[in-house]
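Q: Can you keep this structure in mind? I'll have questions shortly.
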């Protein structure tokens, strides 16, 4: 197993920044997701970043000694490094040096399974590596495996800048094509008046478990970071009979690098187009407020911070302090406490979803022509049939339907309304 020394860099001007002390623990979690052994996790305090080494030569030389003592193979920094800083640090330390973004990309490359996911990862990797390809510098000279070297591979990295630029353009064009196909699918869904719900949240908050619970599916779940990378959408029906599509998305992270958000726009497009967001929060985490803020920052960057949303306080089965649950409910108005794993209060979440879409549904009694069993079948598929009576003049049905579908059938004189609109 590869051995890594973790270095959390904190600058003097950021000492009062909320949550900055948690980056060290987060870095350990990221490393654990790469199956790398962390031999030590140290924090380096600096006045300000230096252009050549980020942390200053004296600090870098101290790291070189520590690497020898710990017999580490790699040094992983909590901050992004420029190509120059990376090369200079490796010269001083004498070991492979990577940064937080490379670590995240390494996890992404392990998690991506679908062609779309793999394309997004390769695009993000090439965009990250492009400014670092200086002559036969550090990125091109690196041979062998280990954390931070997955993805495009040495063969691709040895191509010239022009070829890499062409590959980036091709990937962007292919992903744009995928987005166009998704647009067509979304138009078909909207024509059928089927709303989209997007699950968003900090990585490991329990989004995939909630998707499985709501749709009775078997999406792979894990307590490690970024388990879900490929976009996944499922159809399911709310208790009131309304059909919806629910989409799981890649987990968010504090200070998620901007270019990673750009590269994963195809996946995050589901968030932008959603009619409703379900923000899944790990209520049992001591960092629940920091995680919520990190999610809000990504939503703000995507331009959807004001989209209708429900906060699902997940993992309450892990909480013994009920007063803390009540405090969270006060601090997150309109939230609903759940356990996706144990199906606790899933009915409460369903109720909140139905409330959000209440204006889209109509409760009515209609008369359907005797020969139109296709309409009865449609009622069962896209609504909730509460009562049905077969009469001589037709079929009387009490049903809860999407308003758009009801209006379409009514305007085409395929049904006759006989009461109970609500």
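We did not get these values from a lab; they are worked out from the coordinates using the rules stated. Predicted model only: the values in this text are computed from it and were never measured. All Cβ positions, glycine included, derive from the backbone under ideal geometry; neighbour counts span all protein chains shown.
Q: Which log10 I(q)/I(0) values, to two decimals, does the stretch 360-419 give at q = 0.18, 0.30 Å⁻¹ under the Debye formula with one point per Cα?
A: -0.51, -1.59
Q: Turning to a different aspect of this structure: Evaluate the relative contact order of the chain (contact order divided by residue number), counting alpha-carbon pairs under 8 angstrom at least 6 apart; express in whole percent. Show your work: numbers first, answer last.
A: Working: 706 pairs, mean separation 46.4, N = 422.
Relative contact order comes out at 11 percent.
Q: Would you compute, from DSSP H runs of 4+ residues alone, the mean residue ellipticity of the chain at 222 nm, taking -39500 (n - 2.57) per run and dividing by the full residue count, rounded to the nearest 500? All intermediate terms of the calculation are to be shown ahead of the outcome.
A: On the way: 16 runs with 182 residues, N = 422.
One gets -13000 deg cm²/dmol as the mean residue ellipticity at 222 nm.
Q: Averaging sequence separations of C-alpha pairs under 8 Å and six or more residues apart, then dividing by the length of the stretch 360-419, give the relative contact order as a whole percent.
A: So the answer I get is 48 percent.
Q: Sticking with this structure for a sec: Bin width 20 Å, origin at 0, all Cα-Cα pairs of the chain: what percent of pairs per bin?
A: 23, 47, 23, 7, 1
Q: For residue 343 and residue 414, FRET efficiency with R0 = 41 Å and r from the beta-carbon atoms, rounded to 0.05?
A: Values: r = 39 Å, r/R0 = 0.95.
Efficiency, from the Cβ-Cβ distance: 0.60.
Q: Each label point is 7 Å from the Cα along the Cα-to-Cβ direction; what then is the distance between the points at residue 391 and residue 186, in nm?
A: Reported label-point gap for residue 391 and residue 186 is 4.3 nm.
Q: Using the count of nearby Cβ atoms within 10 Å as a rough guide to exposure, how do 390, 289, 202 rank from fewest to most? Working shown, then result.
A: Numbers: 390 9, 289 15, 202 26.
Sorted ascending by nearby Cβ count, the order is 390, 289, 202.
Q: Another one. Among the DSSP beta bridges whose two residues both lie in the chain, what percent are antiparallel, rounded to the nearest 5?
A: Of all bridge pairs located within the chain, approximately 45 percent are antiparallel.
Q: Looking only at 68, 127, 392, which one moves most when the chain is put into a Gaussian network model with springs between Cα atoms under 10 Å?
A: Among 68, 127, 392, the largest GNM mean-square fluctuation belongs to 392.
Q: Taking only Cα atoms of the stretch 194-356, what ratio of Rg to Rh do you get with Rh as the Kirkwood inverse-distance radius?
A: Details: Rg = 14.6 Å, Rh = 15.7 Å.
Reported Rg/Rh (Cα atoms, Kirkwood Rh): 0.93.
Q: Give me the extension gain from residue 32 to residue 351: residue separation times 0.36 nm, minus the current Cα-Cα distance, reported in nm with one decimal.
A: Result: 111.1 nm gained on full extension.
Q: If I model a spin label at residue 240 and residue 40 as a point 7 Å from the Cα along the Cα→Cβ vector, what separation in nanometres do I get?
A: The answer from the label model is 6.0 nm.
Q: Here's another thing I want to ask about it. Tell me the angle of helix 373-382 to the major Cα principal axis of the chain, expressed in degrees between 0 and 90 and rounded to the nearest ten.
A: Between helix and principal axis, roughly 40 degrees.
Q: I would also like to ask the following. Do you know the relative contact order of the stretch 53-108, to the nearest whole percent, from alpha carbon pairs under 8 angstrom that are 6+ apart? If you can, show how the numbers build up before the last one.
A: Numbers: 53 pairs, mean separation 22.5, N = 56.
With pairs under 8 Å counted, the relative contact order is 40 percent.
Q: Considering only 54, 302, 180, give the residue with the highest GNM mean-square fluctuation for the chain, with springs between Cα atoms whenever their separation is below 10 Å.
A: Sorting by GNM fluctuation, first place goes to 180.
Q: Compute the acute angle (0 to 90°) between the alpha-carbon long axis of helix 288-302 and the principal axis of greatest extent of the alpha-carbon atoms of the chain; round to the nearest 10°.
A: Helix 288-302 sits at roughly 80 degrees to that axis.
Q: What residue among 53, 65, 277 has the largest mean-square fluctuation in a Gaussian network model of the chain, using Cα springs under 10 Å?
A: 65
Q: Of the DSSP beta bridges with both residues in the stretch 194-356, give the percent that are antiparallel, rounding to the nearest 5.
A: Numbers: 7 of 25 bridges.
Close to 30 percent.
Q: Here's another thing I want to ask about it. What's the angle, to the nearest 10 degrees (0 to 90), between helix 83-93's Cα axis and the longest principal axis of the chain?
A: Orientation of helix 83-93: about 50 degrees from the principal axis.
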